[in-house]
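Trainee: This structure is in structure tokens; I'll ask about it shortly.
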């Protein structure tokens with residue numbers, strides 16, 4: 001009885017999931033540039049919520065800071081210039097990065113920034129309000145993703161994925177139970193094999209695909225259920241507390257001249273420990289929540305990393321730590337992103353990507369063959385006068 005109402009939804013989820021994975025594999029295998037909208041969509045929320053994220057599209061495309069760059073000397077040279085240009089305004093972050101082919105130091109001032117040439121200490125640019133790059137750009141991938149999550153039909157439709165996940169898990173468990181039961185019966189008649197063709201082509205192939213796809217379908221379904229529950233919880237939380245909870249976090253504590261040299265030293269030491277030999281594209285000093293942090297973006301378009309450190313002790317930090325600004329996920333930002341990575345397969349590397357695609361194809365076939373088998377059985381029953389949609 002679970003199969004009939006759920007099978008059309010599983011077919012829909014399989015087709016939309018296949019479309020997303022095909023787009024991802026296409027941009028990965030063709031090495032699409034970082035500013036490709038599907039690439040940007042694929043990397044959505046990789047690096048944390050809001051101001052936690054440092055690495056943006058421009059950082060994937062930018063050159064690395066030159067080898068032997070003397071961060072300490074540059075900091076001493078440009079800091080007085082930045083303070084003067086800020087006219088007493090607090091500095092919210094301090095970046096070392098490349099701009100227009102040369103190293104610069106960029107300081108966040110209120111909602112904008114001031115950029116100073118690292119060599120001449122001349123002010124290069126200033127902005128009173130920076131544009132914020134969208135983490136969810138309009139793209140073919142996001143169109144399919146919104147369909148897959150059901151949000152194309154409104155937040156209320158998120159409950160469908162929760163119910164379908166529960167139903168699909170039920171089908172997987174009961175399907176394996178039926179297979180084991182049949183296998184035991186076949187062993188009793190001296191036919192102990194994993195695969196048999198009884199019941200016609202559709203049924204035999206359905207049984208085979210189910211057997212070999214079951215393990216990965218469990219992974220995809222469990223991770224999908226996690227995401228569905230959290231997404232539904234997010235929608236409910238935002239609806240109930242739109243005017244109070246999860247507002248923009250308070251501005252970070254301003255950086256002081258006294259703490260910057262020690263923060264810089266700790267960040268460089270930690271990056272040299274964890275990313276030895278990797279060129280640096282961006283080094284940021286900031287306060288986030290109760291922590292003084294150093295953030296390093298390493299070089300490369302495809303292999304770039306965003307590394308975050310607690311400059312008080314040099315330890316690496318994740319996207320979810322005690323004292324961080326609230327995010328509307330019950331187990332934090334990091335857990336949600338990990339579940340997403342498992343669901344799309346890249347947590348396991350390219351092997352996981354291909355396995356995820358095959359799981360989607362298997363789900364599509366199992367849904368379609370299930371529809372065919374149900375229709376065949378119903379038609380035979382109807383010919384005998386038994387036209388009920390459900391039967392034992």
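Quick grid of which residues meet (1) within 15 Å of the chain's Cα centre (by Cα); (2) over 20 Å from residue 145 (Cα atoms); (3) not in a loop (DSSP other than H, G, I, E, B):
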{"position": "321", "(1), (2), (3)": "no, yes, no"}
{"position": "330", "(1), (2), (3)": "no, yes, no"}
{"position": "340", "(1), (2), (3)": "yes, no, yes"}
{"position": "372", "(1), (2), (3)": "no, yes, yes"}
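Trainee: If residue 109 satisfies every condition in (1) over 20 Å from residue 51 (Cβ atoms); (2) out of contact with any strand residue (DSSP E or B) (no Cβ under 6 Å at 6 or more places or on another chain); (3) assigned by TED's automatic domain parsing to the domain that holds residue 76; (4) surrounded by 14 or more Cβ atoms within 10 Å (Cβ to Cβ) but one, which is the exception?
Mentor: Condition (1) is where residue 109 drops out.
Trainee: Just to verify a result, which residue in the range 59-78, among those that are more than 22 Å from residue 303 (Cβ to Cβ) and in contact with a strand residue (DSSP E or B) (Cβ under 8 Å, 6 or more places away or on another chain), is surrounded by the most Cβ atoms within 10 Å (Cβ to Cβ)?
Mentor: Ranking the candidates gives 78 first.
Trainee: Within the range 131-164, can you find the residues that are outside any helix (DSSP H, G or I) and either touching a strand residue (DSSP E or B) at 6+ places or on another chain (Cβ under 9 Å) or on the phi < 0 side of the Ramachandran plot (or both)?
Mentor: Selection gives 131, 132, 133, 134, 135, 136, 137, 138, 139.
Trainee: Which is in contact (Cβ under 8 Å) with a residue 60 or more places away in the chain and surrounded by 19 or more Cβ atoms within 10 Å (Cβ to Cβ), of 374, 324? Reasoning before the result, please.
Mentor: Numbers: 374 fails: surrounded by 19 or more Cβ atoms within 10 Å (Cβ to Cβ).
From the options 374, 324, the qualifying one is 324.
Trainee: What number of residues within the range 16-33 satisfy the criterion of being part of a loop (DSSP other than H, G, I, E, B) and crowded, with 20+ Cβ neighbours inside 10 Å?
Mentor: 0
Trainee: In addition: Is it true that residue 97 is surrounded by 14 or more Cβ atoms within 10 Å (Cβ to Cβ), at pLDDT below 95, outside any loop (DSSP other than H, G, I, E, B) and touching a strand residue (DSSP E or B) at 6+ places or on another chain (Cβ under 6 Å)?
Mentor: no
Trainee: Among (1) free of Cβ contacts under 8 Å to residues at least 12 places away in the same chain; (2) on the phi > 0 side of the Ramachandran plot, where does residue 314 come up short?
Mentor: Every condition holds for residue 314 apart from (1).
Trainee: Of all strands (runs of 3 or more DSSP E) completely enclosed by the range 204-319, which ones contain at least 3 residues that are out of contact with any strand residue (DSSP E or B) (no Cβ under 8 Å at 6 or more places or on another chain)? Spell out how you get there, then give the answer.
Mentor: Values: elements: 280-288, 291-298, 306-310.
Fully inside the range 204-319 and qualifying: nothing.
Trainee: Now, a different point. If you go through the range 337-365, how many residues are within 17 Å of residue 172 (Cβ to Cβ) and touching a helix residue (DSSP H, G or I) at 6+ places or on another chain (Cβ under 6 Å)?
Mentor: Here is the first cut: in the range 337-365, the ones within 17 Å of residue 172 (Cβ to Cβ) are 342-343, 355-356, 358-365.
Keeping just the survivors that are touching a helix residue (DSSP H, G or I) at 6+ places or on another chain (Cβ under 6 Å) gives 342-343, 355-356, 359-360, 362-365.
The total comes to 10.
Trainee: Identify, please: which residue in the range 30-43 is free of Cβ contacts under 8 Å to residues at least 12 places away in the same chain and in contact with a helix residue (DSSP H, G or I) (Cβ under 9 Å, 6 or more places away or on another chain) and is, among those, farthest from residue 145 (Cα to Cα)? Walk me through it before giving the result.
Mentor: Pass one, the range 30-43, residues free of Cβ contacts under 8 Å to residues at least 12 places away in the same chain: 30, 32, 36, 43.
From what is left, the residues that are in contact with a helix residue (DSSP H, G or I) (Cβ under 9 Å, 6 or more places away or on another chain) are 32, 36, 43.
On the way: 32: 19, 36: 17, 43: 13 Å.
Residue satisfying both the conditions and the ranking: 32.
Trainee: Let me ask you something else. In the range 279-298, which residues are farther than 22 Å from residue 89 by Cα and surrounded by fewer than 19 Cβ atoms within 10 Å (Cβ to Cβ)? Walk me through it before giving the result.
Mentor: Quick first cut of the range 279-298, residues farther than 22 Å from residue 89 by Cα only: 279-282, 295-298.
279 - this is the single residue of the range 279-298 that is farther than 22 Å from residue 89 by Cα and surrounded by fewer than 19 Cβ atoms within 10 Å (Cβ to Cβ).
Trainee: Starting from the range 72-92, keep only residues that are closer than 11 Å to residue 116 by Cα, then list their pairs with residues that are assigned to a helix (DSSP H, G or I) whose Cβ atoms are within a distance under 9 Å, requiring at least 6 positions of separation or different chains.
Mentor: 75/260; 75/261; 75/264; 79/260
The values are calculated or read from the model by the stated rules, or taken from the named source; none is laboratory data. Nothing here was measured: the structure is a model prediction, and the numbers come from that model. Note that each Cβ is placed from the backbone with ideal geometry, even for glycine, and that neighbours are counted across all protein chains shown.
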